[in-house]
Structure formats: structure tokens, C-alpha cells
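Following: one structure in C-alpha cells, then a few remarks.
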Amino acid sequence: MPDWESIVRNHGPMAFDTAWRLLGNACDAEDVVQDALLDAFQLHTQRAVGNWGGLLRRLTVCRAIDRLRTRKCAAALSVEPAAAESDRPEAVAIERELAEQLRCAIAKLPDREAAVFSLRYLGEMTNTEIAHTLEISNGAVGVAILKARAKLKEVLSLESATCRKAHQ
């Protein structure tokens, strides 16, 4: 029987950070981490877990992507840390808007591509770590990253063009 207190203490902050980066909302991140921990508890009863950190990161990313997909992206508000005094308000607003557009675009990706992209760029994992965590090959990770980046570029370019036309 694993020591849940130490698992939560050792891996909880990483899971929360991963969820927060993907969701941009502390309340949603807390809910996602709680769901991931419950999922991990259920999974450990079915098979032995060799890498709790990897499992929790994978489950957190999957739950966070599910949460993104249920959001109404256009109306979503994110809770961000306070900006430094030197930041101009318009720059902070633009950064928040771009982050929300990226979150909405990630939600439109297929599961594998969304998970791999999120683990790589938001979870700051290496391709090898992602391959181990998702139980896929390094080559599959590379292909998923390339596909995700291409699809994100397309989606974000379309949104940008639509936005420009609306403001003309």
C-alpha cells in the first residue's frame, strides 16, 4: 500500500503546476489534480505503479485537456498571478488573451497530440520522459509534437485572421 501522504507531498505541487499552466485557473487546477489523484488511487489497485510522478503528470494533463474541452473559450476568464509593476496593462491583457487562445487551440487537438504538446511545453518534460510516461516510442512523441505544432499554427492563424477581419 503506497503512502498517499508522501505521494501527494512529493508530486502534488508538480501536478498542480502542470494543471495551472494548462488551465490558467487555480480552482480548475485544484479540481483536476484531485481527479488525477483519485484516478491514480484506482489505477494502483489494478497494477503496480513504478513512476508516480509520471503517472500523475499524465493523468493531470488528460484531465486538464478534458476540462479545457468543456469550457466556453470565448467567455473564459483566467486567474493569473499579479503582474509586476513594470508591466504595462495592455501588455498583460494581450499576454492573457494569447494564453487563453492557446488553451482553446490545445483543446481542439486530438488526445495524443494535446497530451504530448502539453507535457513537452507546459509540463517541461523531455521527449524521452514523455515516451516513458505515455508508453509510446520516442519517434511517436516527435511525430505528435510536429503534428500538434502544425495544427496549433493553423488554428491560431485562422483565429488571428478572423479577429483582424472583425476589427476592420
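Please name all residue pairs, on different chains or six or more residues apart, with Cβ atoms under 8 Å, provided the first residue is in the range 1-29 and is over 22 Å from L98 (Cβ atoms) and the second residue is assigned to a helix (DSSP H, G or I) and among the aromatic types (F, W, Y).
Within 8 Å, the pairs are P2/W52; W4/F41; I7/W52; N10/W52; H11/W52.
Of all residues in the range 112-144, which are under 21 Å from M14 (Cβ atoms), in contact (Cβ under 8 Å) with a residue 24 or more places away in the chain, part of a helix (DSSP H, G or I) and of a type outside the set (S, T, Y)?
Within the range 112-144, A114, A115, V116, F117, L119, R120, L122, E129, H132, L134, V141 qualify.
Do you know which residues across the range 118-136 are at pLDDT 90 or above, among the hydroxyl-bearing types (S, T, Y) and either within 14 Å of the chain's Cα centre (by Cα) or buried (at least 23 other Cβ atoms within 10 Å of the Cβ) (or both)?
Scanning the range 118-136 gives a single hit, S118.
When you go through (1) at pLDDT 85 or above; (2) within 22 Å of V141 (Cβ to Cβ) one by one for V49, which number turns out not to apply?
Condition not satisfied by V49: (1).
The values are calculated or read from the model by the stated rules, or taken from the named source; none is laboratory data. Every value quoted in this text rests on a predicted model; they were computed, and no experiment measured them. Reconstructed Cβ throughout: ideal geometry from the backbone, glycine too, with neighbour counts over all protein chains shown.
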